[in-house]
Structure formats: structure tokens, C-alpha cells
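What follows is one structure encoded as C-alpha cells, with my remarks underneath.
The values are calculated or read from the model by the stated rules, or taken from the named source; none is laboratory data. As the structure is a prediction and not an experimental result, all values here were calculated from the model. Don't worry about glycine lacking a Cβ; one is built from the backbone with ideal geometry, like all the others, and counts go over all protein chains shown.
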Amino acid sequence: MRRRARRYPEGEHEAEILDLAEDGRGIARIDGKVVFIADALPSERVVFRYVAAGKSFDEGQTLRVASASPDRVTPGCPHFGVCGGCALQHLAPEAQVRFKQKQLVDALARIGKVAPEQLAEPITGPVWGYRRRARMGAKWVFNKHTVLVGFRERRTHFLAELSRCPVLDPRVGEALEVLAEALANTSIADKIPQIEMAAAEHVCLSIRVLQAPTEADLQVFRQLARDTGFELRLQPGGLSTITPLDPPARVLDYSPDGSARRLQFEIADFIQVNGFISQRVVNQAIDWLAPQPGERVLELFCGLGNFSLPLAARGVALTAVEGDAGLVQRARDNAQRNQMNIRFEKADLFKTGAEADWLAGAFDAVLLDPPRSGAEAMMPLIAAKKPSRVVYVSCQPGTLARDVGTLVHHYGYRLERAGVMDMFPHTAHVESMALLRRDAP
């Protein structure tokens, strides 16, 4: 049987905002119950309406601000509040970074029961036009005879009606209406659900097509490519079916650290969305790790080799491990193109045992960059190698805190340094980095 939705008070209500939640919503307490209120900031008094009620907390939406925080700014996007892509455009960028730093410190204390000896200076950069990689939705709206291109609305599965997106690379962010108009002019407008975007030296778009385009449709796509300068690819099935509209495909590549080294990637591959911040993250991680020529270094979750090539350039003997076979092969190809000798291995880093041959011997240092779930299974295996330094790059402060706590409390490491990187401005997403050190007995 379906549960009845809880009833919540109607009309307008006032609340004082006490803090920010992990997702960027304001936290209020009304009659002893927590209420999460979107678009509200700490120290503000807001007028809001309830949008949902639960057993332990309710949810609300700010209607107007009665008393504003000094950190409140005017959002830079006309679609803020409708589009679900950003949660914090109303908060000044420097205050967003402080919020993220607090999320990291709180997680380390609450979950890991640790505190860094040093809180590193945050890595920041441009807050608009930073996003070079995205998956956008596309939707044919029959009654308007138009196509929407962009991201979902808040709290719904519907696409927001966007004219532009200022966080995307401007070559794409300012061309959403051009894209939408072109798709609407095809016979398969209702059979195009998404577009993958990669913005390198040139922009590449992969258009998912659920029905084969006609010759007239292909001409529409070719005109779009001529008008925008974008390279277009079509995806009729799985990722392996992505093919250039007009072969050959152009090379997509980038520099991981600002040097002449280049990493080639496929449009559906994972790369960090913020190229400027990513380069600074790579350089900081290697500086913190301080690898010396001849040392044995282990890198886990290496992907395409984003950290691998700059690490190997320091003259270390590097073993780099990744779970995706396609990424491992492309990492090997990247190393070969850059004339570097790196041992790349494929392994399931959530189930790997100590008997793995690439784990043989000692390692002087370890660098890892796991997904949001962290690297819990690897902590005892890393500790068994007794590396003197571990640099942990994280996209989820909770799992970072858990894993760091394990190394500190069970394996004799100390948390020397930790800090955040503002990889996703205007969102509540927190990227962070930690340096752990094991002092010689």
C-alpha cells in the first residue's frame, strides 16, 4: 500500500536560519523540528513556504528574505532557483569556500575523530564558465513544438527551460538555444534524450539518438557543426557505438598539470570537469607527496593517468591501478605517447586482496583518488606497505574522514594537512585533499 504523504502547514511562515546543511539548504528549527529551507543563508530571517513534511524533518522554499546575510549576493544566472544544477549562487564565492572548508573539518572531527595539524589554503579559481564536461538532457515538448536542452528542475524530473548556462564553458553555455533549435528541426526531435559535452581545445558533443537520423537530419547536424564549430558525434546505442558524424574523429586531449604533457580521452571518459582547478590539484598533490627520484610510488584509482604522468616525471618507479579496463588501456597509450615508463594494472580496488602481484614489495608513498564511496577496503593494504606519505584526494568528505580515521587510529599515521578545492563553484559539492604521514619508529 502507498504511504500517505504527511501534511504540512500551508501559507507563509518565518524562520531564523541557524546553519547550512551539506546540500546547501538553510537549517531552521521550528517547534523543536528541523526544517531545511532552500535559498536561505545562516543568520538570515526568511519568509518561506513548506514543500514537504517528514517524520524527523520538514522542507521549505524561501519566498523572500526579511533580514539578509552580508554574504548574500545576486545570483549570476537568470535560471537560478528553477534549474537544479546550482544550489549556492546566492552565496558569495568566498563564503561558499568557507562553507566547504567547514564541511571538511566537521566531517573529519565527527566521522574520523581527527583534526589536521594544518588547514591548507583552499584551491580556488574562476567561478563562471569553468565546466568543460557535462551530460545535458534533451526533451521534445510537443505542445510547444520545441526542444529543451539543459538540466533538470529542482525537485522534479522535468528539464528546466534554459536560455543559457553560465557555469558551462561559454562556447556551449551560450549556445543552448542554438542547440535546441537545431534538434527541433530534425525528424527525430522526440528521440534525442541527452547530449554529452567535452570542451577541450575544441568542443565535442555526442548526441544520443534512439532512432536513426534521416539524411535530412544529418544535414541539420552538419549545419549545426558549421555554425558553432563543434565536432558532433552520434550515439545510437551503448558507449561503444559513439561515432563521428563525419569521420575521422578529432583528438580530445588536455594537459594534466600545465606542462607540455597531454592526455587523450574519449568523450564519455571521466575527466575532472574544472580544468583550471584540476591542474592545481595535480600539482599540489605531487608537491604534498614530495616524491623523490628512485622511490616506489603506488597510485590507486588512476583513471586516464591524470596524476600518473606528472608523478612519473619526478623519476619515481610508479605502479598505477584502475578498475576500468578501457581507462587502463588509454592510460597506457597516454604514457607511451608521452614516452613514460609506468606500470598500469587493472584491479577491482573494492575487493583486492593482499596477494595481488602489483602489491608486492614496499612502497615509499601512495596517492589515491577514489570515487564518492571512498577506499575503505584499501586502507589495511596501504598500511601494510608502510609508506611514509599518503595523499588522499577525495570528492566526498564523509568517506575521506572515515578512511583517514582508520589510518590514524589503527595504523599509526597522523593527519599532517588537509584542505578543500573549489572544483564545483555554486554547488554544495566538496572536493578535498589530505596528507598523512607515518613517522619512522
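Pairing residues of segment 122-136 that are surrounded by fewer than 16 Cβ atoms within 10 Å (Cβ to Cβ) with residues that are charged (D, E, K, R), at Cβ distances under 7 Å and at least 6 apart in sequence or on separate chains, gives 135/196.
Please verify whether segment 68-85 includes one or more residues that are outside any loop (DSSP other than H, G, I, E, B) and under 22 Å from residue 174 (Cα atoms). Talk me through it step by step, then tell me what you get.
Initial filter on segment 68-85 (outside any loop (DSSP other than H, G, I, E, B)): 72, 80, 83.
Next, only the ones that are under 22 Å from residue 174 (Cα atoms) stay: 80, 83.
For segment 68-85, residues outside any loop (DSSP other than H, G, I, E, B) and under 22 Å from residue 174 (Cα atoms): present.
Only residues that are outside any strand (DSSP E or B), touching a strand residue (DSSP E or B) at 6+ places or on another chain (Cβ under 9 Å) and basic (Lys, Arg) were counted in segment 107-163, giving 3.
Within segment 293-322, the set of residues being in contact with a strand residue (DSSP E or B) (Cβ under 9 Å, 6 or more places away or on another chain) and either among the aromatic types (Phe, Trp, Tyr) or surrounded by fewer than 20 Cβ atoms within 10 Å (Cβ to Cβ) (or both) comprises 294, 295, 296, 301, 307, 314, 317.
Can you find a residue that is in contact (Cβ under 8 Å) with a residue 12 or more places away in the chain, in a loop (DSSP other than H, G, I, E, B), over 19 Å from the mean Cα position of the chain (by Cα) and crowded, with 20+ Cβ neighbours inside 10 Å anywhere in segment 262-281?
Residues of segment 262-281 that are in contact (Cβ under 8 Å) with a residue 12 or more places away in the chain, as a first pass: 262-281.
Next cut, in a loop (DSSP other than H, G, I, E, B) only: 262, 265-273.
Imposing the further condition that a residue be over 19 Å from the mean Cα position of the chain (by Cα) reduces the set to 262.
Of the ones still in play, those that are also crowded, with 20+ Cβ neighbours inside 10 Å are none.
No.
Tally the residues that are small (Gly, Ala, Ser), more than 22 Å from residue 287 (Cβ to Cβ) and surrounded by fewer than 18 Cβ atoms within 10 Å (Cβ to Cβ), restricting the search to segment 372-397.
Taking segment 372-397 as the starting set, the residues that turn out to be small (Gly, Ala, Ser) are 373-375, 377, 383-384, 388, 394.
So of that shortlist, the ones also more than 22 Å from residue 287 (Cβ to Cβ) come out as 373-374, 377, 383-384.
Then keep just the ones that are surrounded by fewer than 18 Cβ atoms within 10 Å (Cβ to Cβ); that gives 373, 377, 384.
So the answer is 3.
Considering 430, 404, the condition of being surrounded by 23 or more Cβ atoms within 10 Å (Cβ to Cβ) and touching a Pro at 6+ places or on another chain (Cβ under 6 Å) is satisfied by 430 alone. Per the conditions (1) of a type in the set (A, V, I, L, M, F, W, C); (2) under 22 Å from the mean Cα position of the chain (by Cα); (3) not in a loop (DSSP other than H, G, I, E, B), the sole criterion not satisfied by residue 183 is (2).
Scanning segment 337-371 for residues that are within 22 Å of the chain's Cα centre (by Cα) and either surrounded by 13 or more Cβ atoms within 10 Å (Cβ to Cβ) or at pLDDT 95 or above (or both) yields 349, 350, 367, 368, 369, 370, 371.
Any residue at all in segment 92-100 that's β-branched (Val, Ile, Thr), part of a strand (DSSP E or B) and either touching a residue at least 40 places away in the same chain (Cβ under 8 Å) or assigned by TED's automatic domain parsing to the domain that holds residue 22 (or both)? No, that holds for no residue. Of everything listed in (1) surrounded by 14 or more Cβ atoms within 10 Å (Cβ to Cβ); (2) without any contact (Cβ under 8 Å) to a residue 40 or more places away in the chain, the single unmet condition for residue 145 is (1).
Filter segment 39-61 for residues that are closer than 19 Å to residue 7 by Cα and part of a strand (DSSP E or B) and give the result.
Of the residues in segment 39-61, the ones closer than 19 Å to residue 7 by Cα are 48-61.
Within segment 39-61, 48, 49, 50, 51, 52, 53, 57, 58, 59, 60, 61 qualify.
For residue 66, are the conditions met, namely being loosely packed, with under 14 Cβ neighbours inside 10 Å, at pLDDT 95 or above, aliphatic (A, V, I, L, M) and more than 29 Å from the chain's Cα centre (by Cα)?
The answer is yes for residue 66.
Among the conditions (1) loosely packed, with under 13 Cβ neighbours inside 10 Å; (2) among the basic types (Lys, Arg); (3) touching a strand residue (DSSP E or B) at 6+ places or on another chain (Cβ under 9 Å), residue 226 misses just one, which is (3).
Condition check ((1) touching a strand residue (DSSP E or B) at 6+ places or on another chain (Cβ under 9 Å); (2) under 25 Å from residue 427 (Cβ atoms); (3) loosely packed, with under 15 Cβ neighbours inside 10 Å) across all residues:
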| residue | (1), (2), (3) |
| --- | --- |
| 13 | yes, no, no |
| 30 | yes, no, no |
| 33 | yes, no, yes |
| 40 | yes, yes, no |
| 50 | yes, yes, no |
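Taken over segment 218-261, the residue count meeting the criterion of being polar (S, T, N, Q) and in a strand (DSSP E or B) is 2.
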